[in-house]
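Reviewing the structure listed below.
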Amino acid sequence: MSYKKIGVITSGGDCPGLNAAIRAVVRTALFNDIQVTGIMNGYDGMINGKFISLDSHSVSNILQRGGTILKTARSEKFKDQATRKTAFDNITKEGIEGLIILGGDGSFRGIEKFSSEYNIPAIGIPKTIDNDIYGTDFAIGFDTALNTVVQAVDKIRDTADSHNRLFFVEVMGRDAGMIAVYSGIAGGAEAILIPETETKIDQIVKILERGWQRKKSSMIVIVAEGDDAGGAYDIAEEVKKRFSQYDTRVSILGHMQRGGSPTCADRVLASRLGVAAVEALLSGHKNEMLGIISDKIVYTSFSEVVKNKKIFPNELMRIAEILSL
Ligand code: F6P
């Protein structure tokens, strides 16, 4: 396949590493004599015709920056068929022949429809701090978010230890406990509560009592925001009714997990996937998401990506339990 011009979009929630991926897409395209249009504000930019031309200079000095120079959005309008027609007319006018989308499940669902309606080749690059996208071991942004959380948990541990306190730390993950389990292991959490398994208050109390009997000077419970028993405040209230040996505090880390300079691992992942996305278009791939599984680039159709659920690493929960003794 040959292309004269492709478009690149960031869609859905932002995360660290998006700029590194945009840079990789632009530089790889230019290396292959392909022009690149940046589509602003996610799919809304196609609908409103908000395009910018990206040359090599426009992506210098962005590799290390969080956020996205293209801005991003979760577009509701793109769900409407007539609006998608306007989007197609706009990208055709701009001369865009293929698309690279940095997105998650929702974005891939949208582009799958669009590319099948208008036969425009599209390649997806997985990004989300939640790391819950099927078809890749890791999504861009996850590693940076984890490092942010672990730094925060280490700091919370210092104050918890000084005051002999119990902390409930809420991390992001509306539907996924990936951030919770990885940061829980790395931060030495006493318990980890995730949406994937049922949370029983009695069980948490038992773990905390064991810690108290062992004379632990601080305890940390990591709560994924989407836990079935509620948010960190709700769970802390319930626990306090049955376990009051420690002074208890709650800390919600929130959107700080979505910002900041990407880690080395995220920069390398974003660079690999950005290069591979342009090369995938050139070798005739379309309507697939790229991922890295066991260190190899793999292609999964958008329909498979959105149909399947990433398998949760239950083994990590088992490890966390052993180590929390
Ligand atoms: O999907 C990424 C994520 O950060 C979730 O963990 C979180 O629940 C959600 O986005 C928050 O979305 P918003 O930025 O719209 O509040």
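Just so it is clear, none of the values below were taken in a lab; they were calculated from the coordinates. Note that this is a predicted model, so its numbers are computed, not measured. Virtual Cβ from ideal backbone geometry, glycine too; neighbours counted across all protein chains shown.
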Contact order relative to length for the chain, counting C-alpha pairs under 8 Å separated by 6 or more residues, stands in percent at 24 percent
Total charge of the residues flanking ASN314 in space, meaning their Cβ is under 15 Å from its Cβ, with Lys and Arg +1 and Asp and Glu -1, is -2
Here the percent of antiparallel bridges among DSSP beta bridges lying wholly in region 1-103, to the nearest 5, is 30 percent
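Provide the gained length on full extension for the span ARG174 to LYS240, in nm with one decimal, where the gain is 0.36 nm per separating residue minus the Cα-Cα distance. Kindly include the intermediate steps, with their values, before the conclusion.
Values: separation 66, 0.36 × 66 = 23.76 nm, distance 2.42 nm.
Once the chain is fully extended between ARG174 and LYS240, it gains 21.3 nm.
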Ranked output for segments 166-176, 303-313 by mean other Cβ atoms within 10 Å, highest leading, reads 166-176, 303-313
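How much FRET efficiency would the formula 1/(1 + (r/R0)^6) give for LYS50 and SER283, where r is the Cβ-Cβ distance and R0 is 35 Å, rounded to 0.05? Could the numbers behind the result be given before it?
Working: r = 30 Å, r/R0 = 0.85.
Calculated transfer efficiency: 0.70.
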Note on region 193-325: contact order normalised by length, alpha-carbon pairs under 8 Å, 6 or more apart, percent, works out to 17 percent
Quick calc: nm separation of the 7 Å Cα→Cβ label points for ASN32 and ARG318 -> 4.2 nm
Rounded to the nearest 10, the angle in degrees between the Cα long axis of helix 81-94 and the longest principal axis of the Cα atoms of the chain comes to 60 degrees
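Taking a ≥ b ≥ c as the square roots of the eigenvalues of the Cα gyration tensor of region 149-212, is the shape rounded (a/c under 1.5), prolate (a/b larger than b/c) or oblate?
Details: a/c = 2.35, a/b = 1.15, b/c = 2.05.
Oblate is the answer for region 149-212, as a/c is 1.5 or above yet b/c matches or exceeds a/b.
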Any lysines whose Cα falls less than 24 Å from that of LYS241, other than same-chain ones fewer than 8 residues away, would be LYS200, LYS206, LYS215, LYS216
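What is region 103-215 by shape, rounded, prolate or oblate, if you read a ≥ b ≥ c off the alpha carbon gyration tensor as root eigenvalues and call it rounded for a/c under 1.5, prolate for a/b larger than b/c, and oblate otherwise?
On the way: a/c = 4.34, a/b = 2.49, b/c = 1.74.
Taking the square roots of the gyration eigenvalues as a ≥ b ≥ c, region 103-215 is prolate.
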Plugging the Cβ-Cβ distance of ILE311 and LYS200 into 1/(1 + (r/R0)^6) at R0 = 25 Å yields, to the nearest 0.05, a FRET efficiency of 0.60
Measuring from the longest principal axis of the C-alpha atoms of the chain, the long axis of helix 105-118 (C-alpha) lies at a number of degrees, nearest 10, equal to 20 degrees
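Using the Cα gyration tensor of region 168-325, with a ≥ b ≥ c the square roots of its eigenvalues, what is the shape: rounded (a/c below 1.5), prolate (a/b larger than b/c) or oblate (neither)?
On the way: a/c = 2.66, a/b = 2.44, b/c = 1.09.
Verdict is prolate for region 168-325.
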Phi-derived 3J(HN,Hα) across region 316-325 with the Karplus relation (6.51, -1.76, 1.60, θ = phi - 60°), rounded Hz, x for Gly and Pro, is 5, 5, 5, 4, 4, 5, 4, 6, 7, 3
In whole angstrom, the spacing between the Cα centers of region 96-155 and region 263-297 equals 11 Å
Computed over region 1-94, the relative contact order (Cα-Cα under 8 Å, seq sep at least six) in percent reads 36 percent
For the chain, percent of DSSP beta bridges that are antiparallel (nearest 5) comes out at 25 percent
If amide H atoms are modeled at 1.01 Å from N in the peptide plane, then the residues at a separation of 5 or more from MET289, or on another chain, having amide H under 5 Å from its own are GLY124, THR300, SER301, PHE302
The chain, Gaussian network, Cα under 10 Å: of ALA265, ALA139, ALA276, the residue fluctuating most is ALA265
